[in-house]
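Encoded as structure tokens, the structure appears first; notes follow it.
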Amino acid sequence: MHFDFWTFLWTVLNISLVIFVLNKLLYKPLTTLMAQREQQVEDSLTKAAKDRAEATELLTKYQAQINEAKAETLQIIEKAAKTGEKIKDDIVTKANEEAERTLEKAKAELNLEKEKALAMVRDEAATLAVLVASKVVGKAITLEDHERMITEFMNQVGDVQ
């Protein structure tokens, strides 16, 4: 094997030139491109993490609003139920009071009619008693005697009751 210095030198120069050209044309742009791509990936990951944090925050906020709305809905339902119960109680109370008033009025009317009927019966009984008395006595009773006998009879009937 024979060693040629000039061939060796040209080979080293050619390889150096190829390395220099490859470094300038391929390696540096590729390294720069890789660094840019790495930065884009990091930015995308950072943005995704930020978006995820914002989404989590919004989700928490919306869940709190939903829970608040549910609580408010329950309060409204409870208030409506209480109001409905109160209205029902008021209606029942008013109906009971009205029924009581109607019953009292009916009792008063019944007592009034009873008193009228008793007065009529007393008058009729007194008239019959006077007629019977006049037939028993055998003489005509004057108007004054008639009124006196009715009054006495009414007093006696009133005392019996």
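For segment 44-160, a crude dipole built from +1 on the beta carbon of Lys and Arg and -1 on the beta carbon of Asp and Glu, taken about the Cα centre, is about 740 debye to the nearest 20. Calculated mean residue ellipticity at 222 nm for the chain: -34000 deg cm²/dmol, from DSSP H runs with n ≥ 4 weighted as -39500 (n - 2.57), summed, divided by the residue count and rounded to 500. Among (i) 10, 41, 39, 10, 0; (ii) 8, 11, 9, 7, 7, 7, 6, 6, 6, 5, 5, 4, 4, 4, 3, 3, 3, 2, 1, 0; (iii) 10, 38, 34, 14, 3, 0, only one was calculated for this model; which label is it, if the read-out is P(r) over Cα pairs in 10 Å bins from 0, in percent? Evaluating P(r) over Cα pairs in 10 Å bins from 0, in percent on these atoms matches (ii). When each full DSSP H helix of the chain is screened for a Cα extent of at least 20 Å along its own axis and an average Kyte-Doolittle hydropathy of at least 1.6, the helices passing are 5-22.
Quick note: the coordinates plus some simple rules give every number you see, no bench work behind them. Source: prediction; values computed, not measured. Reconstructed Cβ throughout: ideal geometry from the backbone, glycine too, with neighbour counts over all protein chains shown.
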